[in-house]
Amino acid sequence: MSPEVVTPQASRENPDPQEAANPIPRWVLALALLLALWCSYYILRLNVTTATEYGDQRTASDLRQQPKAAAGGAAGAAAAVDGAAIFSARCAACHQATGAGLPGVFPPLAGSNWVNGRDTTVIQIVLHGIQGTLTVNGVTYNGAMPTFGPQLSDAEIAAVLTHARSHWGNTATAVGAQQVTAQRAATAQRNEPWQGDADLSTLP
């Protein structure tokens with residue numbers, strides 16, 4: 001019987017690896033054990049009652065359904081709409097869930113002189129948007145806020161403004177849907193954003 005002929009190509013190949021009875025390296029076992037212990041420690045020490053620090057930072061009270069005002073009240077229409085949900089969907093990406101904004105980029109709503117100022121002005125800002133130089137709490141921003149008038153109803157604008165004016169330390173009065181309706185009618189012919197401080201300072 002002739003010996004097996006090994007071709008040059010086959011001679012360059014390495015034999016297939018075989019684990020056989022080789023044990024798992026001890027350092028791998030030790031690392032897995034340490035990881036399991038750390039995970040157990042982390043879970044046991046986790047305090048689920050701590051105020052939220054991640055995600056959208058809403059607390060249980062924010063998510064709890066609020067009692068609705070009577071339909072005939074000043075803010076009745078706005079109360080029927082979830083202003084917090086609208087804010088999360090439309091505003092939080094820029095102004096953040098905490099209302100703190102992003103320094104130098106998006107102005108804060110928390111403690112804002114505009115949010116806590118005249119309701120007619122802040123309604124106009126949401127209706128038509130704003131661009132150019134805007135001073136918020138003494139800090140100048142130069143960006144753009146989109147127009148929400150065509151996207152949101154009067155009740156939705158009233159609800160999200162009421163939410164912003166009553167959270168993060170803000171204590172301004174609620175905004176009613178009728179107020180938004182009146183402001184929308186007053187500037188129905190406007191088709192461009194307000195030009196920052198220059199325009200907002202002239203609003204009645």
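Every number in this text was worked out from the coordinates using simple rules, so none of it is lab data. Small disclaimer: the values here were computed from a predicted structure and weren't measured. Please note: Cβ atoms are built from the backbone with ideal geometry, for glycine as well, and neighbour counts cover all protein chains shown.
Think of each Lys and Arg Cβ as +1 and each Asp and Glu Cβ as -1; about the Cα centre, that makes the dipole of segment 75-189 roughly 140 debye.
Remark on segment 75-189: ratio of C-alpha radius of gyration to 2.2 N^0.38 Å is 0.97. Ranking of 123, 24 by neighbouring Cβ atoms within 10 Å, starting from the fewest: 24, 123. Here the residues 82, 16, ranked from fewest to most Cβ neighbours within 10 Å of their Cβ, fall in the order 16, 82. Our coupling estimate for segment 174-190, obtained by passing each phi through the Karplus curve with A = 6.51, B = -1.76, C = 1.60 and θ = phi - 60°, is 5, 10, x, 4, 5, 5, 5, 4, 5, 5, 5, 5, 5, 10, 4, 7, 7 Hz, Gly and Pro reported as x. Binning the alpha carbon pair distances of segment 125-185 at 10 angstrom intervals from zero yields the distribution 21, 43, 34, 2, expressed in whole percent.
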